[in-house]
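Colleague: I am attaching a structure below and will ask some questions about it afterwards.
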Amino acid sequence: MKLTVVGLGPGAGEDLTGRARRAIEEADLVVGYTAYIDLIREEFPGKEMASTGMKREVDRCRMAVEAAAAGKNVAVVCSGDAGVYGMAGLIYEVAQDYPPMDIEVVPGITAACGGGAVLGAPLTHDFAVISLSDLLTPWEKIERRLRLAAEADFVLCLYNPRSRSRSDYLQRACDILLQIKSPDTPCGFVRNIGREGERAVILTLGALRDSTEVDMFTTVFIGNSETKVLRGKLVTPRGYLQREG
């Protein structure tokens, strides 16, 4: 029995690593969130696949662990990296209730890296990744993380910035950051990273606060005090030229 947790990258397809592709090809069963299964179904015709909808993560993991316990080679697929807001941790938690099995995590390109590459090089120095979803984390804790990360002058990468039920969360986050950071701070966002309809926008923190284009398929980048726009790309210097100068 073997259970592999696979990161598909931000858009699957060309962003799928060799290890990820091999793990899916070797699996008897592929399990994932419905939208992620749809991303890879055409690439792996004839492969047995099973999916669950949003907010059924525990059911999905139990389905995969039970299939592996029954002797199948199972791949659980996640968007981006399976260990970054993915299913890897939950798989380990759920598997504690079953006989010991071989679990392998196959890394993938997370949205921070995929979106950062589209925008230029915003993550060249220290950065923090924060999800604005309060489904599993109290908003008060998210607020504190935003404030402390801004005070520490991290570049920020925001996941899950807005949804229908959380339409003002990005605005609320920006209001917190604007207490500490300049409204002219260079920022950017990328929608549908690595997928059809990919769109990247560079703007200021002040403009980001009032943007209506950001949704759950968007990753947001907020620069630090050194971040700048160079020939239309968002860049955070590491400091090499400054050291030589």
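The values are calculated or read from the model by the stated rules, or taken from the named source; none is laboratory data. Only a predicted model underlies this, so the values are computations on that prediction, with no experimental measurement involved. In this analysis, Cβ positions are derived from the backbone assuming ideal geometry, glycine residues included, and neighbour counts consider all displayed protein chains. Quick note on the areas: whole protein, heavy atoms, side chains included, nothing else; ligands and nucleic acids left out. Shrake-Rupley method; radii C 1.70, N 1.55, O 1.52, S 1.80 Å.
Colleague: Based on the alpha carbons, how large is the Rg to Rh ratio for the chain when Rh follows Kirkwood? Kindly include the intermediate steps, with their values, before the conclusion.
Modeller: Numbers: Rg = 19.3 Å, Rh = 19.0 Å.
A ratio of 1.02.
Colleague: With runs of 4+ DSSP H residues as the only contributors, calculate the mean residue ellipticity of the chain at 222 nm using -39,500 (n - 2.57) per run, divided by the residue total and rounded to the nearest 500.
Modeller: Computed ellipticity for the chain at 222 nm equals -9000 deg cm²/dmol.
Colleague: Just the Cα atoms of the range 1-146: what Rg and Dmax do they give in Å?
Modeller: Answer for the range 1-146, Rg first and Dmax second: 15.9, 47 Å.
Colleague: Longest span of the chain, sites excluded, free of GluC sites (Glu not before Pro) in DSSP loop with at most 13 other C-beta atoms within 10 Å?
Modeller: Answer from the scan: 49-195.
Colleague: Determine which residues of the range 222-242 fall in the zone a paramagnetic label at A121 would reach in this model, i.e. backbone nitrogen under 16 Å from the point 7 Å along Cα→Cβ.
Modeller: Within reach of a label on A121: 224, 226-242.
Colleague: Moving on to the next point. What is the sum of charges around Y159, taking Lys and Arg as +1, Asp and Glu as -1, for the other residues whose C-beta is under 14 Å from the C-beta of Y159?
Modeller: Value of the local net charge: +1.
Colleague: Same structure, new question: Using only the Cα atoms, what convex hull volume per residue in Å³ does the range 14-71 have?
Modeller: Per-residue hull volume (Cα only) is 87 Å³.
Colleague: So what is the diffusion coefficient of the range 99-222 in µm² per second by Stokes-Einstein at 37 °C and 0.692 mPa s, using a Kirkwood Rh over Cα pairs?
Modeller: 218
Colleague: Now for a different question. If the range 75-143 were replaced by its equivalent ellipsoid, with semi-axes equal to the square roots of 5 times the Cα gyration tensor eigenvalues, what would those be, largest first, whole Å?
Modeller: Gyration-tensor ellipsoid for the range 75-143: 27, 18, 9 Å.
Colleague: Summarise the accessible area of the range 154-245 (1.4 Å probe, protein heavy atoms) by the percent that is carbon and sulfur.
Modeller: Here it works out to 48 percent.
Colleague: Express the accessible area of the range 23-129 per residue in Å², computed with a 1.4 Å probe while the remaining protein chains stay in the model.
Modeller: Counting only protein heavy atoms, the per-residue value for the range 23-129 is 47 Å².
Colleague: What is the diffusion coefficient of the range 49-88 in µm²/s, taking the Kirkwood radius over Cα pairs and the Stokes-Einstein relation at 25 °C with a viscosity of 0.890 mPa s?
Modeller: Rounded, D is 228 µm²/s.
Colleague: Roughly what % antiparallel, to the nearest 5, for the DSSP beta bridges in the range 1-117? Can you show the working numbers first?
Modeller: Values: 1 of 20 bridges.
Around 5 percent antiparallel, to the nearest 5.
Colleague: When the accessible area of the range 1-96 is computed with all protein chains present and a 1.4 Å probe, what percentage of it is carbon and sulfur?
Modeller: Values: 2020 of 4390 Å².
Its accessible area is 46 percent carbon and sulfur atoms.
Colleague: Cβ under 15 Å from E226's Cβ, E226 left aside: what net charge do those residues give with Lys, Arg +1 and Asp, Glu -1?
Modeller: Value of the local net charge: +2.
Colleague: Gaussian network model of the chain, Cα springs within a sub-10 Å range: biggest mean-square fluctuation belongs to which of R195, R60, R144?
Modeller: R144
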